[in-house]
Every structure is written in structure tokens, then in C-alpha cells.
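Trainee: To start, I am sharing the structure in question, which I have written as C-alpha cells.
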Amino acid sequence: MSKHRYILSINVAMMLALGACGQNTDQNQDVKNEGQPPQENVEDNQEMGMAEEGNSDHDGMQHSSSAEVPEGLKEAKEPKYEVGSQATVETDHMKGMDGAEATIVGAYDTIAYVVTYTPTNGGEPVKDHKWVIQEEIADAGQETLSPGSEVTLEADHMEGMKGATAEIVSSEQTTVYMIDYKPTTGGEEVKNHKWVTEDELGPVQ
């Protein structure tokens, strides 16, 4: 065998050996990944899970709003909690609300409603939303609306609420309060939150 033919034989043998190693590496990788979804699917599933976790009735609720109130809403004459006083929030409309210390910004005598509605921007119906008041319902008049009544909302507490068709679930003649409060979960102070009712507030602990 000539010197050149000997070197060529060695090169061919090395190439065959390297090719076999590469094939084994690919096979090992396939075995390692067997039974696992592709990374793209994992990311999609994570995003879907996050969306599902955040799909609660009050996720779209605006944390802070203006101090403007609906036309015709009357200030309470003898509210249990006076404007400027402090109270403890005893409801959980949003995370970080229950147990928070609130400052009373406004107190008004009205009829408060629990409503179920379908947002104007799409999505599933929002069930048993608290609260929408008489003055935030189109053409509501002065009389208490009966459960099952179909109405149009003029409130904009949540995305897709204003202009939505809603069904009255229940009503309550009460004093409603606009409040500022610092969430118990941390974060910025919520300003001019609308609304909490009188029985959703308690004395400062």
C-alpha cells in the first residue's frame, strides 16, 4: 500500500467514526426529549395558564378613578363614616382590599345593585358585579329596579362596562362610599374607588 493510500484509509475511518458519534448524540437527544412537549408548546401553555389564572370578575376593574360622580347623586345627610374619616375595608372586590385602611372621600345615599353583564369589548359575562348605583344606569328613574330587569350601564368601573347590557341580580337601599386606600398586598394607593357600601366598612383596627 502506498503512503497516500494509507493516509486516505485513515481519513475515511475517522470520518465514519465521527458520523457515528453524531448520530448517537442525536439519538440520545431524541430519547432525552421523548415525552416532553416542544419548547414552543410549553411557552404557549404557560401563557394560557397565566391568562386563566387572571380570569376573575374584577380583573379589569380600574384601580383609581376621578372624583367625579354621576349627575343627580345626593350626598348622604348622616353617613356612618364621615368624609375625611378612616375606616377598615371589609370586602374583597379586588386583591389587597380586604383589611385595608381607607379614607372616606365621599358618602352618598342611593340604591346599589349587583349586576351581571357582558362586556362591550367581548369576553365572558361578568357575574354578580358589586356595585353599580341607580345613577349609573341609563333611564333608571327613581324606583328600585326589580331582579331580572335588563338595563344599560353607564358606569365605567371596569373595561367594557360602559354601554353594556346588564341584568339586575339584587338591590340594596344604602349609603355608598368613595374611598382611597392602600392595598394590603402593597403597591400604590388606590384613589377614588367606587363603590363600597356601609356594611362593607368597619372601624379602624
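Trainee: When the residues of the stretch 76-91 are filtered to those that are of a type in the set (Asp, Glu) and under 14 Å from ILE179 (Cα atoms), which remaining residue is nearest to the chain's Cα centre (by Cα)?
Mentor: Among those that are of a type in the set (Asp, Glu) and under 14 Å from ILE179 (Cα atoms), it is GLU90.
Trainee: A further question follows. Scan the stretch 74-102 for residues that are touching a residue at least 40 places away in the same chain (Cβ under 8 Å), surrounded by fewer than 18 Cβ atoms within 10 Å (Cβ to Cβ) and in a strand (DSSP E or B) and report the count.
Mentor: The qualifying residues number 3.
Trainee: Tell me the residue from ASP180, ASP199 that is touching a residue at least 12 places away in the same chain (Cβ under 8 Å) and assigned to a strand (DSSP E or B), please.
Mentor: When all the criteria are applied, what remains is ASP180.
Trainee: Out of the residues in the stretch 162-173 that are in contact with a Pro (Cβ under 7 Å, 6 or more places away or on another chain) and of a type outside the set (Val, Ile, Thr), which is surrounded by the most Cβ atoms within 10 Å (Cβ to Cβ)?
Mentor: Per the stated criteria, the residue is ALA164.
Trainee: When only residues in the stretch 114-151 that are touching a residue at least 40 places away in the same chain (Cβ under 8 Å), within 17 Å of GLU172 (Cβ to Cβ) and not charged (D, E, K, R) count, which is surrounded by the most Cβ atoms within 10 Å (Cβ to Cβ)?
Mentor: Going through the qualifying residues, I end up with VAL115.
Results for (1) in contact with a strand residue (DSSP E or B) (Cβ under 9 Å, 6 or more places away or on another chain); (2) in a loop (DSSP other than H, G, I, E, B), shown as yes or no for each residue.
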{"site": "VAL114", "(1), (2)": "yes, no"}
{"site": "GLU124", "(1), (2)": "no, yes"}
{"site": "ASP139", "(1), (2)": "yes, yes"}
{"site": "PRO147", "(1), (2)": "yes, yes"}
{"site": "ALA155", "(1), (2)": "yes, yes"}
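Trainee: Here's a follow-up. Considering only the stretch 180-189, I want to know if a residue exists there that is modelled with pLDDT of 95 or more, more than 24 Å from GLU68 (Cβ to Cβ), surrounded by 14 or more Cβ atoms within 10 Å (Cβ to Cβ) and acidic (Asp, Glu).
Mentor: no
Trainee: Next up: Take GLU82 and decide whether it is out of contact with any Asp or Glu (no Cβ under 9 Å at 6 or more places or on another chain) and modelled with pLDDT of 95 or more.
Mentor: Considered against the rule, which asks whether it is out of contact with any Asp or Glu (no Cβ under 9 Å at 6 or more places or on another chain) and modelled with pLDDT of 95 or more, GLU82 comes out as yes.
Trainee: Considering only the stretch 116-132, I want to know if a residue exists there that is over 18 Å from GLU68 (Cβ atoms), of a type in the set (A, V, I, L, M) and in contact with a His (Cβ under 9 Å, 6 or more places away or on another chain).
Mentor: So far as the stretch 116-132 goes, yes, one or more of its residues are over 18 Å from GLU68 (Cβ atoms), of a type in the set (A, V, I, L, M) and in contact with a His (Cβ under 9 Å, 6 or more places away or on another chain).
The values are calculated or read from the model by the stated rules, or taken from the named source; none is laboratory data. It should be emphasised that the depicted structure is a prediction, and the values quoted were computed from it without experimental measurement. When we count neighbours, we look across all protein chains shown, and the Cβ atoms used for this are built from the backbone with ideal geometry, even at glycine.
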